[in-house]
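The values are calculated or read from the model by the stated rules, or taken from the named source; none is laboratory data. The model shown is predicted, which means the values in this text are computed figures rather than measured ones. In this analysis, Cβ positions are derived from the backbone assuming ideal geometry, glycine residues included, and neighbour counts consider all displayed protein chains.
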Amino acid sequence: MRTMSLIFLGLISFQLGFSAERTEVKITGRFLGEHPKAIRYTYPVNGTSFEGFFDKVELDSLGNFQIVLNIDRPVLLNFMYFGSPSLIIEPGNNYEILLSLNKDNILEISGDICETQKVYSNFPHQHPMHCLFEFGQDFTNYHSIVLNLNNDLQKELSILNELYNQNKISEKLLNLLATDRKIYYYTAQMVLASRNHLEKISKNKEVPDDIFNIWKEAANGVPLDSEFILSSFYSFSFLEMHLWHRIYTTFDFDDFVKLRAEKRNNQSIHTHNIELAKKFFSNGILEFFIAGTFNHQNRIRQYDKNLNLIFEQFKKDFPESNYLPFVEKTFQNMIEKQQELNLMN
């Protein structure tokens with residue numbers, strides 16, 4: 001009996017050790033051509049791929065680097081170059097990649113990568129907040145643009161499903177990539193609706209119901225309880241546009257505009273954004289959105305006068321948040337920049 005117990009314990013130890021080992025991912029890379037001294041990349045905290053949660057890796061004189069991560073699910077890792085595709089990584093795998101900049105200064109990924117990566121890299125990756133300009137400058141023909149966006153999305157989903165049917169990707173990876181592409185196209189669709197909404201408002205015209213209909217369709221295109229809702233590089237933008245849809249369909253527009261003007265004059269516009277998010281988001285979605293809001297403020301250099309209170313409230317609301325180390329670093333950077341601006345004024 002004792003021998004069997006020891007064997008059983010040994011098997012458990014082996015399985016646990018193997019399971020832990022399989023979470024490690026090693027990315028060995030080389031940057032071709034002229035290369036920077038270091039590359040920033042999104043750190044997949046909670047499986048996210050967000051520009052505000054990042055780390056960096058030093059490159060040697062030949063452009064070589066190595067990144068070692070531990071993940072428990074497939075994730076998308078972004079090197080911080082505008083318009084670049086994400087690198088698909090899965091637990092327990094090793095990757096040997098080559099990075100290079102094309103003529104448009106967009107990062108390209110090659111090397112020992114799977115067929116799925118090659119397919120995914122060929123999908124559009126210009127940020128959905130900007131990709132509408134591919135259709136020209138006139139966004140008033142929004143019905144035809146929405147049709148094109150939906151057609152492109154369905155084509156990509158069909159390609160991903162074919163890879164799954166050929167057993168080239170797992171169901172989890174299919175769900176991750178499908179969610180990412182939905183977030184991409186539905187964010188673009190919401191931006192399109194938002195632009196037309198603002199255009200009508202600025203000209204004192206009535207906003208047609210169909211503008212809100214296409215906004216609603218996109219806002220509900222990825223349910224907030226989806227497993228990979230936070231795993232796309234575009235997740236924060238999707239949630240931001242989702243939030244504005246909820247705002248415009250909940251509050252009286254004129255009253256809301258007056259309130260926003262007051263908040264802006266009081267330098268509390270981002271505090272108000274968080275208050276609004278708390279009305280419509282909860283749990284992990286809310287935690288991610290507030291953490292991301294700090295990065296957004298830092299990027300555009302707009303700081304609320306009660307910045308300290310926002311930060312302290314975040315720590316109180318989410319004391320165990322895995323985002324805290326990143327938010328703390330961003331917060332310190334914001335304080336330093338705020339002090340510089342105060343000295344300049």
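Brief remarks on what is shown
- Verdict on Tyr164 being in the same structural domain as Lys216 (by TED's automatic domain parsing) and at pLDDT 95 or above: yes
- Test: residue in the range 161-183 that is within 16 Å of the chain's Cα centre (by Cα), of a type in the set (A, V, I, L, M) and within 24 Å of Phe280 (Cβ to Cβ): yes
- Residue within the range 246-255 that is out of contact with any helix residue (DSSP H, G or I) (no Cβ under 9 Å at 6 or more places or on another chain), under 25 Å from Gln297 (Cα atoms) and either surrounded by 20 or more Cβ atoms within 10 Å (Cβ to Cβ) or without any contact (Cβ under 8 Å) to a residue 40 or more places away in the chain (or both) present: yes
- Matching strands (runs of 3 or more DSSP E) fully within the range 56-143 where at least 3 residues are more than 18 Å from the chain's Cα centre (by Cα) and surrounded by 12 or more Cβ atoms within 10 Å (Cβ to Cβ): 64-70, 94-101, 107-112
- Where Asn308 falls short, out of the listed (1) closer than 25 Å to Trp244 by Cβ; (2) surrounded by fewer than 16 Cβ atoms within 10 Å (Cβ to Cβ): (1)
- Residue in the range 175-190 that is in contact with a Cys (Cβ under 7 Å, 6 or more places away or on another chain) and buried (at least 20 other Cβ atoms within 10 Å of the Cβ) present: yes
- Residue match in the range 29-37 (condition: within 25 Å of Pro128 (Cα to Cα), at pLDDT below 95 and outside any strand (DSSP E or B)): no
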